[in-house]
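Student: The structure's right below; bear with me while I get my questions together.
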Amino acid sequence: MHALDPGTANPARADPALSPLLEFDARIAKIGSKVRVLSGLAWPVAMEARFLERWRAGSPEMPAPPTQPVDHAATIEALDGILPRLDRGHPIGDWLYKTAWSYRVAALMLSSVGTPRFTECSALLYGHPATHYRSQDATTTQSAAKMLEITDQLIDSRFVPDVPYDIPAPDFAARLRERIDPFFTDDPVQVVLDPELASKAAAGSKVIRIRADAMFSDLDLDQLVEHEAFIHSATMLNGKHQPWLRCLGTGAPRTTRTQEGLATFSEIITGAMDINRLRRLALRVLRLQEALAGADFIEVFRAFLAAGQSEVDSYRSAARIFRGGDVRGRVCFTKDGAYLEGLLLVTAFVKRALHENRGDTLRLLFCGRVTLGDLVTLATFRDSGLVAAPRYVPPWARHPERVLATLAFSTAAQSLRLDSFSLQRFTEYEDEVLAEAAWSAPSA
């Protein structure tokens, strides 16, 4: 619905300052739709086969991606004409300013492929793994290292089970359709095979693309349903169903940390996350930090291999870090650090919202593509109708009390020291209990 459709009660009647801001919202959404980050940085699928062939032959060769800067001068100029005219004293004006600013940074980033400015812009949008926030005790890199340490305490890395990837893409796509069709009742979301897709899957509001030559596992199905469909596709669709604010349905780059964090949180809270994937997310942060410090593509690839990943997974993980950058190191795409950082922030936000009895705010996470900070801004506009309730909400988010139970248990379980236990220790523990109770045992 158009932002000024007379068929919907106009919230600008109660707040005249909204009228010009709604016009700017439509303009920013249109301009922003031209800024396509991931498609502009994708590496050709054929490069993977060539690299692995040379690697297995014992003569590894540095990839030579053909990625070129994208001329976004017109986009930057258009946004520069809008930014000074936005009333940042109004909450919606300030929200639009941040949204337009993020599109401008993304446009500048795509115009600076292969240069240090590319990484500077990437860090502004997606964060930097070495950033130390004043309110936190650890950087994302330190959190990733701690995550790996914890998983090592839970299971020896030598015993992490291999996941069988034995489902061909066409069969996997059919199973994925069966899972998502009942959820998207009013908006059919297609599942299509894409032979040129660099990643295994990518989600939009109308289509979820699956890499045509990839093999999938049963675990992949649960993870893609929760992550790609029930979060990425759903939040985009909910944003497009918003009656007034079009930018909620466009996916501004500044929302990536929250969106990826929410999608990863969804995997964890539903039990779809497995130990291999959790370790992979943490490893990507550590490898990203090493690449930023100067490690080249082959060094990062080898580091992924040494951590237990397959050759294919190691190549794809390394490629994610260097796309748009320089395979010699230092110039990198920092988006892979956003998953873990976003996960930690979303988890903290959910805990705080439930602690303050604000379960209603949890549903607002799904009203469109938003950041956690946006929720504070947009919550005050629900009563006026400027922000509509989300149409599609994942099952787990419909019952906050279940989320609270899971988070409460996981927090309490952290107090148990695993390093002082072995299987034999449990027998000794029972003997200690019996010894303590001996004084009250009946006489022979």
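The values are calculated or read from the model by the stated rules, or taken from the named source; none is laboratory data. This is a predicted model, so every value here is computed, not measured. When we count neighbours, we look across all protein chains shown, and the Cβ atoms used for this are built from the backbone with ideal geometry, even at glycine. With ligands, DNA and RNA removed, areas are computed over all heavy atoms of the protein, side chains included. Shrake-Rupley method; radii C 1.70, N 1.55, O 1.52, S 1.80 Å.
Student: Which residue, chosen from LEU52, GLN68, PRO84, occupies the Cα position most advanced towards the positive end of the dipole of the chain, where the dipole is computed from +1 (Lys, Arg) and -1 (Asp, Glu) charges on Cβ about the Cα centre?
Tutor: PRO84
Student: Along region 330-343, what does the Karplus equation 6.51 cos²θ - 1.76 cosθ + 1.60 (θ = phi - 60°) give for ³J(HN,Hα), rounded to whole Hz, x for Gly and Pro?
Tutor: 6, 9, 9, 9, 8, 4, 5, x, 6, 5, 6, 4, x, 4
Student: I want to make sure I understand the PRE zone here: with the label point 7 angstrom from the Cα of GLN68 toward its beta carbon, which residues in region 104-124 have backbone N atoms less than 19 Å away?
Tutor: 107-115, 118
Student: 7 Å from Cα along Cα→Cβ at both SER310 and VAL192: what's the point-to-point distance in nm?
Tutor: Rounded to a tenth, the inter-label distance reads 2.7 nm.
Student: From the phi angles alone, apply the Karplus equation (6.51, -1.76, 1.60; θ = phi - 60°) to region 388-395 and give each ³J(HN,Hα) in whole Hz, x where the residue is Gly or Pro.
Tutor: Computed from phi, the couplings for region 388-395 are 8, 5, x, 7, 10, 10, x, x Hz.
Student: Give the residue from ALA282, LEU292, VAL350 lying farthest towards the positive end of the charge dipole for region 272-365; charges sit on Cβ (+1 for Lys and Arg, -1 for Asp and Glu) and the dipole is referred to the Cα centre.
Tutor: Farthest towards the positive pole: VAL350.
Student: Under a Cβ-only charge scheme (Lys and Arg +1, Asp and Glu -1), can you give me the dipole magnitude of region 276-340 about the Cα centre, in debye to the nearest 20?
Tutor: On the way: 12 positive and 7 negative charges, 48 e Å.
For this selection, approximately 240 debye.
Student: While we're looking at this one, here's another question. Per the Kirkwood definition applied to all pairs of different Cα atoms, how many angstroms is the hydrodynamic radius of the chain? Provide the component values of the computation, followed by the final result.
Tutor: On the way: mean 1/r = 0.0422 Å⁻¹.
Computed over the chain, the radius equals 23.7 Å.
Student: With +1 on each Lys and Arg Cβ and -1 on each Asp and Glu Cβ, and nothing else charged, work out how big the dipole of region 82-230 is about its Cα centre, in Debye to the nearest 20.
Tutor: On the way: 15 positive and 22 negative charges, 192 e Å.
The calculated dipole for region 82-230 is roughly 920 debye.
Student: When only Cα pairs under 8 Å and 6 or more residues apart are kept, what is the percent relative contact order across region 80-191?
Tutor: Computed value for region 80-191: 10 percent relative contact order.
Student: Separate question: Determine the sum of side-chain charges near PHE366: Lys and Arg each +1, Asp and Glu each -1, restricted to other residues whose C-beta is under 11 angstrom from that of PHE366. Intermediate values should be presented prior to the final figure.
Tutor: Numbers: positive: ARG363, ARG369, ARG391, ARG398; negative: none.
Local net charge: +4.
Student: Also, I was wondering about something else. How many percent of DSSP beta bridges within region 158-250 run antiparallel, rounded to 5? Mind dumping the intermediate values first?
Tutor: On the way: 5 of 10 bridges.
Close to 50 percent.
Student: Grab the eigenvalues of the alpha-carbon gyration tensor for region 209-349, scale each by 5, take roots, and send me the semi-axes largest first in whole angstrom. Don't skip to the end; give the middle numbers.
Tutor: Values: eigenvalues 151, 69, 41 Å².
Whole-Å semi-axes of the equivalent ellipsoid: 27, 19, 14.
Student: Could I have the simple spin-label model distance between LYS351 and LEU407, label points 7 Å from Cα toward Cβ, reported in nm to one decimal?
Tutor: 0.8 nm
Student: For the chain, with only Lys/Arg (+1) and Asp/Glu (-1) charged at the beta-carbon, what is the dipole magnitude about the Cα centre, in debye rounded to 20?
Tutor: Working: 50 positive and 54 negative charges, 302 e Å.
Once rounded to the nearest 20, the dipole reads 1440 debye.
Student: Could you tell me which of LEU340, PRO188, ALA9 has its Cα farthest along the dipole of the chain towards the positive end, charges placed at Cβ (Lys, Arg +1; Asp, Glu -1), taken about the Cα centre?
Tutor: Farthest towards the positive end: ALA9.
Student: Related question: For ALA201, list long-range residues whose amide hydrogen, built 1.01 Å from N in the peptide plane, is under 5 Å from its own amide hydrogen.
Tutor: ARG211
Student: If you don't mind, there's one more thing I want to ask. Roll a 1.4 Å probe over the protein heavy atoms and report the accessible area of ARG391 in Å², nearest 10.
Tutor: Here the residue's solvent-accessible area equals roughly 120 Å².
Student: ASP80 to SER19: extension gain in nm, 0.36 nm per residue of separation minus the Cα-Cα distance? List each step's numbers first, then the result.
Tutor: Values: separation 61, 0.36 × 61 = 21.96 nm, distance 2.04 nm.
So the extension gain works out to 19.9 nm.
Student: Just from the alpha-carbon atoms, what are the Rg and Dmax of region 188-255 in angstroms?
Tutor: 13.1, 41
Student: Go through region 142-151 residue by residue and turn each phi into a ³J(HN,Hα) via Karplus (6.51, -1.76, 1.60, θ = phi - 60°); whole Hz please, and just put x for glycine and proline.
Tutor: 5, 5, 5, 4, 5, 4, 5, 4, 5, 5
Student: Using only protein heavy atoms and a 1.4 Å probe, report how much of ARG246 is accessible, in Å² to the nearest 10.
Tutor: Taking all protein chains as shown, ARG246 has close to 90 Å².
Student: Could I ask something else about it? Rounded to the nearest 5, what % of DSSP beta bridges with both residues in the chain are antiparallel? Don't skip to the end; give the middle numbers.
Tutor: Working: 5 of 10 bridges.
The answer is about 50 percent antiparallel.
Student: Another one. Given a 10 angstrom Cα cut-off, can you work out which residue in THR270, THR235, THR185 is the most mobile in a GNM of the chain?
Tutor: Maximum among the listed residues: THR185.
Student: Further question: In a shell of Cβ-Cβ distance under 14 Å around PHE118, excluding PHE118 itself, what net charge do Lys and Arg (+1) and Asp and Glu (-1) give? List each step's numbers first, then the result.
Tutor: Details: positive: ARG117, ARG323, ARG328, ARG330, LYS335; negative: GLU120, ASP326.
Taking every Cβ under 14 Å from that of PHE118, the sum is +3.
Student: Roll a 1.4 Å probe over the protein chains and send me the accessible area per residue for the chain in Å².
Tutor: On the way: 21470 Å² over 444 residues.
Accessible area per residue, the chain: 48 Å².
Student: Sorted by accessible area (1.4 Å probe), largest first, how do TRP244, TRP101, TRP396 line up? Please list the in-between numbers first.
Tutor: On the way: TRP244 5, TRP101 90, TRP396 25 Å².
From most exposed to least exposed: TRP101, TRP396, TRP244.
Student: Would you grab the residues whose amide H sits under 5 Å from the one on GLY251? Only those 5+ places off in sequence or on another chain, please, with H modelled 1.01 Å from N.
Tutor: Here the answer is ARG369, since their amide H atoms fall under 5 Å of that of GLY251.
Student: Taking LYS335 as the anchor, which lysines have their alpha carbon closer than 19 Å to its alpha carbon, excluding any fewer than eight residues away along the same chain?
Tutor: Hits, sequence-local ones excluded: LYS98, LYS200.
Student: Could you rank the peptides 333-340, 398-405 by their average count of other C-beta atoms within 10 Å per residue, with the highest value first?
Tutor: 333-340, 398-405
Student: Now, a different point. In terms of modelled amide H atoms, which long-range or inter-chain residues lie less than 5 Å from the amide H of LEU193?
Tutor: ILE210
Student: Further question: In whole percent, what relative contact order does the chain give with Cα contacts below 8 Å and a gap of six or more residues?
Tutor: On the way: 646 pairs, mean separation 83.3, N = 444.
Worked out over the chain, it gives 19 percent.
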